[in-house]
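Just below is one structure, and these are the notes that go with it.
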Amino acid sequence: MRASQLFAPTLREVPAEAEIVSHQLMMRSGMIRKTASGVYTYMPIAWRVMKKIMNIIREEMDAEGGQELMMPGVQPAELWLKSGRWDVYGEELWRLKDRHGRDFCLGPTHEEVITTIVAGDVKSYRDLPLRLYQIQTKYRDERRPRFGLMRGREFIMKDLYSFDRDDAALEESYQAMYRAYTNIFTRCGLKFRPVQADNGAIGGTASHEFMVLAQSGEAEILYCSECRYAASAEIAQSGSDQESNKEEAKNREEVYTPDCKTIDDLAGFLKISPEKTIKALCYKADDELVLVLIRGDRTVNEIKLKNALACLDLQMATDEDITRVMGSSMGFVGPVGLKGVKILADLEVPNMTNGVCGANKKDYHLINVNPDRDFSIDQTADLRLAKAGEPCPECGGKLLSARGIEAGQIFKLGNKYSKSMGAKYLDETGREQLMVMGCYGIGVGRTMAAAIEQNFDDDGIIWPISIAPYHVVVVPVSDRSEEQVQVAESIYLKLINKKVETVCDDRKERPGVKFKDADLIGYPLRITVGSKTLAEGKVEVKVRSTGEVHLVEVGKAADFAEQLLKEL
RNA sequence: CGGGACGUAGCGCAGCUUGGUAGCGCACCUGAUUUGGGAUCAGGUGGUCGCAGGUUCAAAUCCUGUCGUCCCGACCA
C-alpha cells in the first residue's frame with residue numbers, strides 16, 4: 001500500500017469527545033469515525049486490525065471444534081417471547097416494527113435463534129456435541145454508550161454456542177473454550193486474566209470473564225496474592241476476617257439515639273466501632289419487601305443479593321414502603337420484633353454478639369442485640385461487597401485489586417434456553433433429554449481498543465505484531481531526492497514480494513509529518529531512507545516498541561526487516 | 001433514568017454578559033522558499049452559527065420548544 005492512497009486521515013488534535021487513550025488514538029490515527037452515539041465506522045486501518053483479530057479467533061474456534069455460520073441481525077419478537085426475554089430484557093433491546101406492524105428486534109445476542117435452529121434439526125445424541133459460532137454485528141441500545149469502541153450500541157462480537165448431552169459434556173465444551181480464549185488473548189499479545197464472574201441476565205451456572213488488564217478498565221478485579229483465585233469484584237466471595245467472638249451475651253436495651261440515621265452517626269454517638277452495628281437495609285425484590293442485615297462497616301453487593309433472592313428486579317425500598325410495612329422510618333429499622341418481612345443476613349451477622357441495631361422506633365436503637373435470641377434470620381448468604389485487603393476466600397492470602405477491560409466472557413447456561421426453546425434429543429435408551437448449553441463471547445472492537453489501552457506511548461500506538469495493521473513502513477525522508485525515492489521503492493517492492501505487509505510513505509510531506517504519522521499509526525518497523533545514511537549505502541530500521549535502530553545496507557534491508565519481524 | 005456541561009468551517013476554539021459587518025489556529029487549495037521529528041511567507045476555498053418558533057427595525061447573541069453530543073452516577077449478555 002502506498003501512503004498517498006491509504007485512507008487514514010490523521011488528526012493533530014484530539015477530538016473533544018474522546019476521553020480515553022484508545023478512543024483518542026483511534027480517532028487521531030484515522031481508524032474510526034463516529035456515525036452516531038455508540039455507532040462507529042471502522043476505517044481501513046482499524047478494519048485490517050479487526051480482521052486479524054477475527055482470524056485469530058476463527059483459528060482457535062475451529063481448533064476446538066467450532067463451526068462458523070451466520071445468523072440474522074434482525075430477529076422476530078416471537079423467539080424472544082418464547083424465551084421470555086422480550087419482557088425481561090428491557091430497553092437495551094433495540095426493537096422495531098416491520099411494515100405490517102410486526103415486532104422485531106436487532107439481535108443483542110443469539111441464544112434464541114441458534115437454539116431454535118438446533119432444536120429443529122438435531123434430534124439424536126449422535127449429533128452432539130455441537131459448537132456453532134458466528135462473528136457478527138450486535139445491537140444493544142445502551143443507556144450510556146461511552147469510550148469509543150469500549151461500549152458501543154452497535155459492535156462486532158464473536159459468539160459461540162455449545163450444545164451438549166449432559167453437564168459433564170458441557171464441562172468439556174467449557175474447558176475447550178477456556179483454552180481457546182486463553183490462546184486468543186495470548187496470541188493477540190495482551191496481558192489478561194480470566195476471572196470468575198456473575199452470570200447476569202443470561203442465567204446459568206458458571207462464568208468466567210477474560211479481563212485485559214488496563215488502568216482505564218471499567219471493571220474491578222480482585223485476585224489473590226498467594227493462589228490462583230481471581231474474580232470480578234462484583235461477585236468476589238468474601239472471606240471472613242472475623243475473630244470468633246467470645247463475648248458474653250448481655251441484656252438487650254433500648255437507647256435514645258436522636259438523629260442517628262447513618263452508621264457513622266450511630267457509631268459516633270454511642271462511641272463504638274461500626275463493626276458492632278448491624279446495618280438493616282430494606283429492599284424491594286419483585287415487589288416483595290425484604291430486610292437485609294449486614295455488619296455496619298460492610299457494603300451490600302446487590303448482585304449477590306439479587307442472586308440470593310433469585311429475583312428479577314431489585315430496588316432499594318422507598319421511605320414510604322418502609323413506613324407502611326415496618327411502621328418505622330429509614331435509619332431506625334431493625335429485625336427485632338419484625339413480623340411478616342423476610343429477613344436475609346450476611347454470613348457475618350449470625351456470629352455477632354451484643355450488636356446494635358434499629359429499634360423500629362424513631363430516634364431509638366437497641367444495644368446488646370444477639371441473633372437467634374432476639375430475632376430470627378430466614379436466610380443467610382454471602383451478601384457483602386468484597387474489597388482489596390480482605391483475605392482470599394480460598395487460601396486466606398490477601399486480595400489485591402486491579403482494573404480490567406472485559407474482552408470476553410464464557411457462560412455455562414445449563415438448560416435455560418433448551419427448555420424454553422425446546423431443544424431436546426433422544427439418548428441411547430430412546431429417552432428424550434434436554435440439551436445442555438453454553439455460550440461464549442468476545443468483543444472484537446473492544447479487544448482492539450483494549451490492545452491500544454495496553455500498548456501506547458506519547459507518540460501513538462504500539463501494536464502487538466500479531467494484530468498490527470501493517471508490519472513495515474518505508475519512509476523516504478525527502479520526496480525530492482530521486483535516489484531516496486528509488487531506494488525506498490525498491491525496498492518496498494522487495495518486501496511486498498516477500499508478502500510482508502508494507503506501506504511506502506510516498507506522500508509529498510515533510511519528514512516530520514511522516515515520522516509523526518508512522519509513530520501514531522504504530523507500524524512495528526520503520527525503514528528510513530535518508531541522506532545521512534544513504535551516503536554509506538545504508539538505511540535505518542527502527543523498532544517502534546523499543547526505539548532501537550539498526551543500520552543496514554540497502555540491499556539487505558528487506559531481508560533484515562523480514563527477519564526482525566519474526567523476532568518481535 | 002437522575003445530575004452537569006456543550007452544539008459556531010473537517011478538527012480545536014473565540015464571539016453571546018451589553019442584539020447591529022461571523023472570527024482565530026490547524027487541516028484543505030495555489031505559488032514561492034524549505035526538507036531527518038507535525039516548516040515559512042503570500043494568496044485562496046469552505047459556515048442557512050444543531051433545528052423550529054417567538055421578541056425586535058435588526059438575533060450566533062434574548063425567550064420558548066425541540067433534536068443531538070459528552071461527562072458523573074445508576075445500570076449493564
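Bear in mind these aren't lab numbers, they're just calculated from the coordinates by the rules spelled out. All figures in this text were calculated on a predicted structure; none of them were measured in a lab. Positions of Cβ are backbone-derived with ideal geometry, glycine not excepted, and every protein chain shown enters the neighbour counts.
Remarks
- Ellipticity estimate at 222 nm from DSSP helix runs (n ≥ 4, -39,500 (n - 2.57)) divided over chain A, nearest 500: -8000 deg cm²/dmol
- Alpha carbon centroid spacing (whole Å) that separates segment A:353-407 from segment A:206-225: 23 Å
- A:Glu209, A:Glu567 arranged by Cβ crowding within 10 Å, fewest neighbours leading: A:Glu567, A:Glu209
- Out-of-range pairs (alpha-carbon distance over 25 Å; input A:Lys284/A:Lys424; A:Lys51/A:Lys123; A:Lys279/A:Lys304; A:Lys494/A:Lys538; A:Lys342/A:Lys387; A:Lys261/A:Lys398): A:Lys284/A:Lys424; A:Lys51/A:Lys123; A:Lys342/A:Lys387; A:Lys261/A:Lys398
- Too-long pairs where the Cα-Cα distance tops 29 Å, listed order kept, from A:Lys271/A:Lys362; A:Lys52/A:Lys498; A:Lys191/A:Lys508: A:Lys191/A:Lys508
- Sequence of A:Arg126, A:Arg187, A:Arg28, A:Arg33 once ranked by neighbouring C-beta atoms within 10 Å, starting from the fewest: A:Arg126, A:Arg33, A:Arg187, A:Arg28
- Cross-link partners of A:Lys361 among aspartates and glutamates, defined as those whose alpha carbon lies under 17 angstrom from its own and excluding same-chain residues fewer than eight positions apart: A:Glu253, A:Glu254, A:Asp259, A:Asp265, A:Asp319, A:Glu320, A:Asp321, A:Asp374.
- If you take all other residues with their beta carbon under 11 Å from the beta carbon of A:Lys542, and give Lys and Arg +1 and Asp and Glu -1, the sum is -1.
- In Å, descending, principal axis extents of the Cα set of chain A: 97, 65, 48
- 9 Å beta-carbon shell around A:Gly460, net charge (K/R +1, D/E -1): -2
- Mean projected area in nm² (Cα convex hull; one quarter of hull surface) for segment A:247-351: 7.1 nm²
- Lys/Arg +1, Asp/Glu -1 at C-beta; segment A:12-77 dipole; positive extreme among A:Thr35, A:Ile53, A:Gln67: A:Thr35
- For A:Glu220, net neighbour charge (Lys/Arg +1, Asp/Glu -1) across residues whose Cβ lies under 9 Å away: -1
- Taking the fewest neighbouring Cβ atoms within 10 Å as the starting point, the ordered list for A:Arg143, A:Arg384 is A:Arg143, A:Arg384.
- Given charges at beta-carbon only (K, R positive; D, E negative), |dipole| of chain A in Debye: 1300 debye
- Here segment A:253-381 is assigned +1 on the Cβ of each Lys and Arg and -1 on the Cβ of each Asp and Glu. Its dipole about the Cα centre then comes out at about 180 debye.
- Of A:Leu222, A:Gly340, A:Gly404, farthest towards positive along the dipole that unit charges on Lys, Arg, Asp, Glu beta carbons give chain A: A:Gly404
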